[in-house]
Amino acid sequence: AVLRNKRPAEQSIGIELDAHVLSAWDTDEVPGLQLVHGDATQFLREYDFFGDEFVYVDPPYVRAARRRAQIYRCELDDDAHDDLLAVVDRIPAKVMV
């Protein structure tokens, strides 16, 4: 919903590991949208930031914070959450988790 309802930008990048979610995004008419099928942590680790970007990160909830153990097709374990936060912490741009 954030991707569809945010203010327009020259470029927006949607990164998603779940192919089903990605195909649903593909039907959205978002100007300047580039869709990436892959691991967001790896993408953010390798992206060449200019410093004026805004990064919105919406990972799956950690398992300890849920009633049901499996609710996502693509999960992150605790180590993967830690890795994502370490990468996000080094991004030289504005970040919202």
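The values are calculated or read from the model by the stated rules, or taken from the named source; none is laboratory data. Just so it is clear, the structure is predicted and the values come from calculations on it, not from any experiment. Ideal geometry is used to build each Cβ from the backbone, glycine not excepted, and the neighbour counts take in all protein chains shown. Side chains are part of the model used for accessible areas, which takes the heavy atoms of the whole protein and leaves out ligands, DNA and RNA. Shrake-Rupley method; radii C 1.70, N 1.55, O 1.52, S 1.80 Å.
Mean projection of the Cα convex hull over all viewing directions, computed for region 58-97: 3.1 nm².
Per residue, the accessible area of the chain comes to 75 Å² when a 1.4 Å probe rolls over the protein heavy atoms. For region 27-97, chymotrypsin sites (Phe, Trp or Tyr not before Pro) are listed when DSSP marks them as loop and at most 10 other Cβ atoms sit within 10 Å of their Cβ; the list is 50. Label positions at residue 34 and residue 73, each projected 7 Å from the Cα along the C-beta direction, are separated by 2.4 nm.
Atom-type composition of the exposed protein surface of the chain places 51 percent of the accessible area on carbon and sulfur (1.4 angstrom probe). Dividing the mean sequence gap of close Cα pairs (under 8 Å, 6+ apart) by how many residues the chain holds gives a relative contact order of 29 percent.
Taken one residue at a time, the phi angles of region 75-87 give Karplus couplings (6.51, -1.76, 1.60, θ = phi - 60°) of 9, 10, 7, 4, 5, 5, 5, 4, 4, 4, 5, 5, 5 Hz. Gly and Pro are set to x.
If you take every DSSP beta bridge fully contained in the chain, what fraction is antiparallel? Give it as a percent rounded to 5. The answer is about 0 percent antiparallel. Write out the GluC sites (Glu not before Pro) in region 1-49 meeting two conditions: DSSP loop, and at most 10 other Cβ atoms within 10 Å of their Cβ. Those satisfying the criteria are 10, 29.
Maximal additional length on extending the residue 61-residue 25 stretch stands at 10.9 nm, based on 0.36 nm per residue less the C-alpha distance. Along the chain, the longest continuous region that contains none of the trypsin sites (Lys or Arg not before Pro) in a DSSP loop with at most 15 other C-beta atoms within 10 Å is 7-65.
Can you pull a Stokes-Einstein diffusion coefficient for the chain at 25 °C (0.890 mPa s), Rh from Kirkwood over Cα pairs, as a whole number of µm²/s? It comes out at roughly 168 µm²/s.
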